[in-house]
1. Could you list, in sequence order, the residues of segment 169-201 that are farther than 16 Å from Leu246 by Cβ and either touching a Gly at 6+ places or on another chain (Cβ under 8 Å) or buried (at least 22 other Cβ atoms within 10 Å of the Cβ) (or both)?
2. Residues that are more than 24 Å from Asp86 (Cα to Cα) and not in a helix (DSSP H, G or I): does segment 238-246 have at least one?
3. Which residue out of Thr236, Thr241 is under 15 Å from Thr23 (Cβ atoms) and modelled with pLDDT of 95 or more?
4. For residues in segment 189-210 being modelled with pLDDT under 75 and in a loop (DSSP other than H, G, I, E, B), which is farthest from the chain's Cα centre (by Cα)?
5. Conditions first: (1) within 19 Å of the chain's Cα centre (by Cα); (2) over 21 Å from Asn170 (Cα atoms); (3) crowded, with 20+ Cβ neighbours inside 10 Å; (4) of a type outside the set (Lys, Arg). Asp67 passes all but one, so which condition is the exception?
6. Kindly indicate whether any position in segment 18-40 is farther than 26 Å from Arg186 by Cα and charged (D, E, K, R).
7. Looking only at segment 208-254, how many residues end up being crowded, with 18+ Cβ neighbours inside 10 Å and within 14 Å of Gly158 (Cβ to Cβ)?
8. When both residues are 6+ apart or on different chains and their Cβ atoms are under 7 Å apart, which pairs have a first residue that lies in segment 204-215 and is within 14 Å of Pro99 (Cα to Cα), and a second that is in a helix (DSSP H, G or I)?
Amino acid sequence: MASKLTGTVALVTGASSGIGAATARELAEHGASVALVARRKDRLEELAAEIEKAGGTALVVEADIADRNQAEGAVEQVVERFGRLDTLVNNAGLMLLGPVVGADAEEWDRMIAVNLQGLLYTTRAALPHLLRAAEQGPRQVADIVNISSQAGRMASKGYGVYNLTKFGVNGFTESLRQELAQRHVRVGVLEPGAVETELVGHNTPEVRNELVDPVIGRIEVLTAEDIADGVAYMVTRPRRTAIGELWIMPTDQG
């Protein structure tokens, strides 16, 4: 029996670790050919070898999606290799926390470039191909899943600009969902709570001690595989069913 995504192609950004890598593995297990997009080529090659050893198909695409030309080029490479694109998972993200007063504006620029501009560039480049896939077999539907955060639902002290980017992802997702609904490109947002990934490691020990550890130090956090399972759930629904928003939290996170 064919898997639910057999004959389709998925592009996952930020695929070199964490949620992105886990999502790529999960979609490959469901039968999709998977394009792995990130900056760390060595990690992508390791993941591609793992997927292919398990019987899947993977393409390594080294790119910094915060650069519009590279984001567009990544999509072009995928379509050139596979001839189509059915699923886009905008996962690449950066979380740099701390007070607004006295903040490093370059950190703001980096977050906005990856979390917002990178998502926009990749989505814009992918849309013509997703719309075409939605008109064709095997499923006659295409998907965009934007990985946001609990921080896109509620603001917290010290998370200000990260909150800004994730609230923006949520708003953009819903607007685009409405725009594309009648054309069978499903657009949804997935908002994880605390997840064990490299994301918090971008911060100084002082910031982690004040803003992160008090939360994750007292709960059983999610794994990247938990979020990948959520992505797979969203994109394997029947054509008539769209998941516009999926909020996944650790059971004991308040």
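The values are calculated or read from the model by the stated rules, or taken from the named source; none is laboratory data. This one's a predicted model, so the numbers in the text were calculated from it and none came from an experiment. Here Cβ is always computed from backbone atoms with ideal geometry, including for glycine, and neighbour counts include all displayed protein chains.
1. If the condition is that a residue be farther than 16 Å from Leu246 by Cβ and either touching a Gly at 6+ places or on another chain (Cβ under 8 Å) or buried (at least 22 other Cβ atoms within 10 Å of the Cβ) (or both), then Val185, Thr197, Glu198, Leu199 are the ones that fit.
2. As a first pass, look at segment 238-246 and keep what is more than 24 Å from Asp86 (Cα to Cα): none.
No, because not a single residue in segment 238-246 is more than 24 Å from Asp86 (Cα to Cα) and not in a helix (DSSP H, G or I).
3. On the way: Thr241 fails: under 15 Å from Thr23 (Cβ atoms).
On inspection, the qualifying residue turns out to be Thr236.
4. Taking the candidates together, the pick is Thr204.
5. If we test Asp67 against (1) within 19 Å of the chain's Cα centre (by Cα); (2) over 21 Å from Asn170 (Cα atoms); (3) crowded, with 20+ Cβ neighbours inside 10 Å; (4) of a type outside the set (Lys, Arg), just (3) comes out false.
6. The initial filter retains those residues of segment 18-40 that are farther than 26 Å from Arg186 by Cα, namely 39-40.
Then keep just the ones that are charged (D, E, K, R); that gives 39-40.
Yes, some residue in segment 18-40 is farther than 26 Å from Arg186 by Cα and charged (D, E, K, R).
7. 2
8. Once the first residue is within 14 Å of Pro99 (Cα to Cα) and sits in segment 204-215, its partners that are in a helix (DSSP H, G or I) give Arg208/Val200; Val212/Val200.
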